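Engineer: Here's a structure for you.
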Amino acid sequence: MYSVPPAKCGYHASRPAVAHCTICGRAVCHSCAQPDNLNRPVCRPCCLYHGMKQRPSGGVTALGVINIVWGGLLKLREWARELSLVYGVARLVTVTISLLVDAFWLLPAMRAAGASEYMVSSMIFGMVVVIISAPIYPIVLLAFLTRPMVKVQFGRQLKNWAPPSAA
Ligand SMILES: [Zn+2]
Ligand SMILES: [Zn+2]
């Protein structure tokens, strides 16, 4: 199967097309085609969109932190409580910032680069999913830490704790 590029770029009617975008299939000129990590041609809106998706989400790091926090929380370690507070707040802040960046920078940038309505709407759908799903864990975590039982348990542990040198 050969894919023969049409004569003109899908974004620049005056420029000759040199390839098809690997993702959306649009014809692209030399300046619109950007190589992806496998050196295949990708158009600018697709590039922006997928660059956004590959943005360091810190997924692996976050899982590590979650494991540490939960492991420490279950053992009622004071550092785990502190770390959980910091993590919960930081997560809410970063989610908010990344949504603001998407809404006020990435979305207009994609529109300006000629993204199709389908790409714009799938990105908005992705943002809605993030708005609904991303704050669940930090909110549950922060709510858990404010439970009277949890506070009492941490308080009890602190009272029983004594520096090793005092023994
Ligand atoms: Zn494309
Ligand atoms: Zn072009």
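Engineer: Indicate the gyration tensor shape class of region 1-42 (rounded, prolate or oblate), computed on the Cα atoms with a ≥ b ≥ c the square roots of the eigenvalues: a/c under 1.5 is rounded; otherwise a/b larger than b/c is prolate and the rest oblate.
Structural biologist: Oblate is the answer for region 1-42, as a/c is 1.5 or above yet b/c matches or exceeds a/b.
Engineer: Right, something else. Between Thr94 and Ile131, what length comes free when the chain is fully extended (0.36 nm per residue of separation minus the Cα-Cα distance, one decimal in nm)?
Structural biologist: Contour length minus Cα-Cα distance gives 12.1 nm.
Engineer: Rounded to the nearest 0.05, what FRET efficiency do Phe144 and Ser116 give with R0 = 30 Å and r taken as the Cβ-Cβ distance? Could you check?
Structural biologist: E between Phe144 and Ser116, to the nearest 0.05, is 0.10.
Engineer: Can you pull the one-decimal nm distance between simple spin-label points at Arg40 and Val101, each 7 Å off the Cα toward Cβ?
Structural biologist: 2.6
Quick note: the coordinates plus some simple rules give every number you see, no bench work behind them. Not measured: the values here are computed from a predicted model. Cβ atoms come from the backbone with ideal geometry, glycine included; neighbour counts cover every protein chain shown.
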